[in-house]
Amino acid sequence: MLILALLLMSVTVALAEPMSDIRLAPGDSRQGYERADYVTDSLSIPARQGISANLLANAQSSHLGLPTLSSYEQEPPDAAVIEIGRKLFFDRRLSGNKTMSCAMCHIPEQGFTSNELKRPIGFEGRGLKRNAPTLLNVVFNRRLFWDARESTLAQQVWSPLLAVNEMNNPSVGSVVDQLRKDTQYDKMFEQAFGESANMLNIGQALAQYQQSLLAADSRFDRWHFGGNRTSLNQLEQKGFEVFTGKGSCSSCHHISDQHALFTDHQLHNTGVGVEDSMRQTPDTIEVQLAPGVLVEVDQKLVSVVGEVKENDLGRYEITLNPKDRWKYRTPGLRNVALTAPYMHNGEFLSLDEVIQFYNKGGVSNKMLSPLIRPLDLTIEEQTALRAFLGSLTGSNVKDLVSDAFAAPVGDVSQ
Amino acid sequence: MSKLSSLLIKFVALSLIMVGAAAHADETCMSPYMAKIVGQEDFVYVWTLGEEGLGDEQDKLVTIDVNPISPNYGEVVNTLSVGGRNEAHHSGFSDDRRFLWAGGLDTNKIFIFDVHSDPAKPTLHKVIDDFVAKSGVVGPHTFYALAGRMMITGLSNNKDHGGRTAMVEYSNQGNYIVTHWHPTDEDLRGAEKSGKYADGYGYDVRALPRRNAMFTSSFTGWTNYMMDFGTMLADPEAMKRFGNTAVLWDLHTRKPKKVFDMPGAPLEIRCAWDPNHNYCFTTTALTSQIWLMYEDADGEWQAEAVADIGDPSKIPLPVDISITSDDKGLWVQTFMDGKTRYFDISDPFKPKQVYEKEIGAQVNMISQSWDGKRAYFTSSLLANWDKKAEQDEQFFKAYTWDGDKLNLEFTVDFKAKKLGSAHQMRFGAYGLYGLKRPYEAKNLVASGE
């Protein structure tokens, strides 16, 4: 009897766990792993539980700092459609070998991207050449992919679904058939669309789930747009000055009078891509083997077990215009503190590295954007800039992550 | 009859273990709850990865005849394709040794082969494809027989596909029973965090039933084990995602008791045989050390690094290991230089390398016979970690060990035969199931005996 009582108590405690505990970072924290005194701070997988959010309300309501969705969206949001998209997004059966879901590269607690590697892997571990972008506020991107090759989310979803190095579904029809055969999905599609799954409504459903991932009302928004003078501390306010002034960051990462998406929707050559394609391979690379254990490894050893890295020429691959070589889309900076590693290839592991890169004027090349030049920022200014970037995290991100934790993960069941 | 008596095959029942006749297998590295082959094995089953562009491109169980008296000695006598590239990896027999469970680290399918009806021609008995749906665990790795149960270690999970994972317990019939999560800082599950780490990672499992002890080690999650190896080495974030722990569990209650710090991805665990040898070895893949987990004079379990393997700064990458049945030797394969190294472990606290031999451009697994006179090697580590181009040799090599050196008896070239990438080996024998070798039965008839 006593044992039963204790068991009941422990269950009650577990259920009472507040959602505010959600960590906006990998549950398997590797903070400080470079050092020998690293200690683990790992979360329990069974305790990774969440509460469903009203995603329709999130998509429909105004968010301080964001433009209204109506000027961007393809279709008015619908709760039943969002629900299908959410289910599809976490469904590992939606791939050629029933193993990969969208959420495996866009991991909710990792800023809806992947913090744990530079560039994600896809079907059977095949490598992708570009960093996974965050899906928070993705609806505001006028063009999609780092090379801006796609125009709408509803169309975009078919690229990863069919790419041989991503989810590798054999055809559109195979995905459609799979969902039509699944009684649960079939019912949901019929109820939401009045028809069975097809190429268009699958795209719409996944697009609508992504459209609902609006995350703003950050401390910056409350300070800049909401008039709360204490929402940013002195250092962050100084960082904003650097961002819009000496650092010229806002010349690409735009802030307008009523809202801020922190992007100009343009593509630029900052030199990151040139460096990647043209630099000489170093003789050795530094490899970390354990906390505080680093060794220099001969590049030949790495090559023996490594595939030849796929080249990446950026926007040029779409236009075939030599002037577009190594141009990439300006990403928005909302929630940027959650989305490491950075740049189109995940080259920089921290915002400090990004700031250092721009401070020295990127990488010189013939097609370098004229907006990229040495900034001559002091250490203090760089620190302030870093602090400012940390203030861009939306106040509702934890709710969206909690909702994602509550979403069902689709797996093969007998 | 002399030939039959030379089979030297016997069953070791649980009751024998209880009175102290400890027995594992690899033949020397498997579960003590299982019958073992102490004489000449008839077959080696090689769980083989399908390779794009090679043969039928799919995973298969390859059966090789390894009995020198067989007319098919040295030949592939059967292949059984299972469909798909599942990242075929490890396998293990059920406690009655009638079935071989083999896992796919990518698709998470578990293939259960019938190896007793005809040991020369295993058949596919059952496929478990809802392992993840049932357990939340990704990457079924080690299949370790307990009494009536199969303990399956995982490498990852279906939430972030990182390294936090669990052991998953199944019945011999293939029914899911329970998931045992590895201790994390948030939920140590009653275990003592003895050092700085409690990462929740998993890899291998072994048990010492007479000490009521079970041990697990830790590797890395789906993202890393599926990734191109060279790309991963050049990705500092990915290189942070390796296990640095081993865990002591209470075997009977399945509760974790103590988390040991063991930096650099400890992989295979091999426990000593002698009833008075209360210790197990493991090796760390990245930091290239031999570690000893041992019970001290106060009955407390400890872990200690006891030797380096090659030059750790060159990342030789120790992978599979195998202990000899007399507890005196430990074979250690180093993947990067393709070598096997034999350590004298007579003093378990002072392992000393006494022999090495290059097996091929790359080498991973070893299986040795109970008497230590035969050792078999295979080449593949993981589909995307194996060496590229001409260095991607894929083979099964059979050696004899004369106590001083390894002598190559035969090779099966898995590329030339278009089979795939050769991974884990398990032994089969007619005598385990009361069956006579067909060629011996024929001889008996022919000679009128």
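The values are calculated or read from the model by the stated rules, or taken from the named source; none is laboratory data. What you see is a predicted model, and the numbers here were worked out from it, not measured in a lab. Here the Cβ positions follow ideal geometry from the backbone for every residue, glycine too, while neighbour counts run over all protein chains shown.
General observations
- Scanning region B:160-198 for residues that are on the phi > 0 side of the Ramachandran plot and under 22 Å from the mean Cα position of the chain (by Cα) turns up just one, B:Gly174.
- Residue list for region B:141-160, filter: over 20 Å from B:Leu251 (Cβ atoms) and either at pLDDT below 95 or more than 9 Å from chain A (Cβ to nearest Cβ) (or both): B:Leu155, B:Ser156
- Exactly one residue among A:Arg93, A:Arg86 is assigned by TED's automatic domain parsing to the domain that holds A:Arg126, touching a Gly at 6+ places or on another chain (Cβ under 6 Å) and under 28 Å from A:Glu166 (Cα atoms), and that residue is A:Arg93.
- Whichever residue in region A:118-144 is touching a residue at least 24 places away in the same chain (Cβ under 8 Å) and on the phi > 0 side of the Ramachandran plot and, among such residues, is nearest to the other protein chains (Cβ to nearest Cβ): A:Glu124
- Positions within region A:297-309 being touching an Asp or Glu at 6+ places or on another chain (Cβ under 9 Å) and more than 7 Å from chain B (Cβ to nearest Cβ), in sequence order: A:Asp298, A:Gln299, A:Lys300, A:Lys309
- Which numbered condition B:Thr340 fails, given (1) more than 28 Å from B:Arg97 (Cα to Cα); (2) in contact with an Asp or Glu (Cβ under 6 Å, 6 or more places away or on another chain): (2)
- Among the conditions (1) part of a loop (DSSP other than H, G, I, E, B); (2) more than 14 Å from chain B (Cβ to nearest Cβ); (3) over 26 Å from A:Asp21 (Cβ atoms), the only one that A:Ser395 does not satisfy is (3).
- Filtered residues of region A:282-296 (kept if of a type in the set (S, T, N, Q) and within 10 Å of another protein chain (Cβ to nearest Cβ)): A:Gln288
- A single member of A:Ile107, A:Ile82 is within 29 Å of A:Ser277 (Cβ to Cβ) and of a type in the set (Val, Ile, Thr), and it is A:Ile107.
Residues checked against (1) under 30 Å from A:Asp91 (Cα atoms); (2) in contact with a Gly (Cβ under 7 Å, 6 or more places away or on another chain); (3) not hydrophobic (A, V, I, L, M, F, W, C):
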position: A:Leu351; (1), (2), (3): no, no, no
position: A:Gly362; (1), (2), (3): no, yes, yes
position: A:Leu375; (1), (2), (3): no, yes, no
position: A:Thr393; (1), (2), (3): yes, no, yes
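- When the strands (runs of 3 or more DSSP E) confined to region B:199-276 are screened for residues that are within 8 Å of chain A (Cβ to nearest Cβ), β-branched (Val, Ile, Thr) and over 17 Å from the mean Cα position of the chain (by Cα), none reaches at least 3 such residues.
- Selection status of A:Lys98, assigned to a helix (DSSP H, G or I) and of a type in the set (Lys, Arg): no
- A single member of B:Arg254, B:Arg206 is buried (at least 24 other Cβ atoms within 10 Å of the Cβ) and over 26 Å from A:Pro26 (Cβ atoms), and it is B:Arg206.
- Exactly one residue out of A:Asn97, A:Asn115, A:Asn58 is more than 14 Å from chain B (Cβ to nearest Cβ) and out of contact with any Lys or Arg (no Cβ under 7 Å at 6 or more places or on another chain): that is A:Asn58.
- Subset of region A:313-341 that is farther than 30 Å from A:Thr393 by Cα and part of a loop (DSSP other than H, G, I, E, B) - its residue that is farthest from the other protein chains (Cβ to nearest Cβ): A:Asn321
- Single condition B:Glu52 does not satisfy, out of (1) at pLDDT below 80; (2) more than 18 Å from B:Gly372 (Cβ to Cβ): (1)
- Any hit, region B:377-389, residues being buried (at least 22 other Cβ atoms within 10 Å of the Cβ), away from chain A (no Cβ under 12 Å) and not small (Gly, Ala, Ser): yes
- Selection of first residues in region B:338-356 that are among the β-branched types (Val, Ile, Thr) and of second residues that are in a strand (DSSP E or B), restricted to Cβ pairs under 6 Å at least 6 apart or on distinct chains, gives the following pairs, ordered by first then second residue: B:Thr340/B:Trp331; B:Thr340/B:Gln333; B:Thr340/B:Lys357; B:Ile345/B:Leu330; B:Val354/B:Tyr342; B:Val354/B:Asp344.
- Residue in region A:260-279 that is over 16 Å from A:His344 (Cα atoms) and within 14 Å of another protein chain (Cβ to nearest Cβ) present: yes
- Scanning region B:310-348 for residues that are closer than 27 Å to A:Gln288 by Cα and assigned to a loop (DSSP other than H, G, I, E, B) gives B:Gly310, B:Asp311, B:Ile315, B:Pro316, B:Leu317, B:Phe335, B:Met336, B:Asp337, B:Gly338.
- Tallying residues that are without any contact (Cβ under 8 Å) to a residue 12 or more places away in the chain and either of a type in the set (S, T, N, Q) or touching a Leu at 6+ places or on another chain (Cβ under 7 Å) (or both) within region A:288-305 yields 4.
- Test: residue in region B:100-110 that is of a type in the set (A, V, I, L, M) and surrounded by fewer than 22 Cβ atoms within 10 Å (Cβ to Cβ): no
- The residue that is nearest to A:Ala340 (Cα to Cα), among those in region A:7-24 that are in a loop (DSSP other than H, G, I, E, B), at pLDDT 55 or above and more than 11 Å from chain B (Cβ to nearest Cβ), is A:Leu24.
- Against the list (1) in a strand (DSSP E or B); (2) within 14 Å of chain A (Cβ to nearest Cβ); (3) among the hydrophobic types (A, V, I, L, M, F, W, C); (4) more than 16 Å from the chain's Cα centre (by Cα), the condition B:Ala307 fails is (2).
- Among the conditions (1) farther than 19 Å from A:Val172 by Cβ; (2) under 19 Å from the mean Cα position of the chain (by Cα); (3) within 13 Å of chain B (Cβ to nearest Cβ), the only one that A:Asp91 does not satisfy is (1).
- Residue match in region A:362-370 (condition: at negative phi and buried (at least 21 other Cβ atoms within 10 Å of the Cβ)): no
- Hits in region B:321-346 - residues which are within 14 Å of chain A (Cβ to nearest Cβ) and either crowded, with 24+ Cβ neighbours inside 10 Å or among the small types (Gly, Ala, Ser) (or both): B:Thr334, B:Phe335, B:Gly338
- A:His344 meets all of the listed conditions (1) more than 8 Å from chain B (Cβ to nearest Cβ); (2) in a helix (DSSP H, G or I) but one, namely (2).
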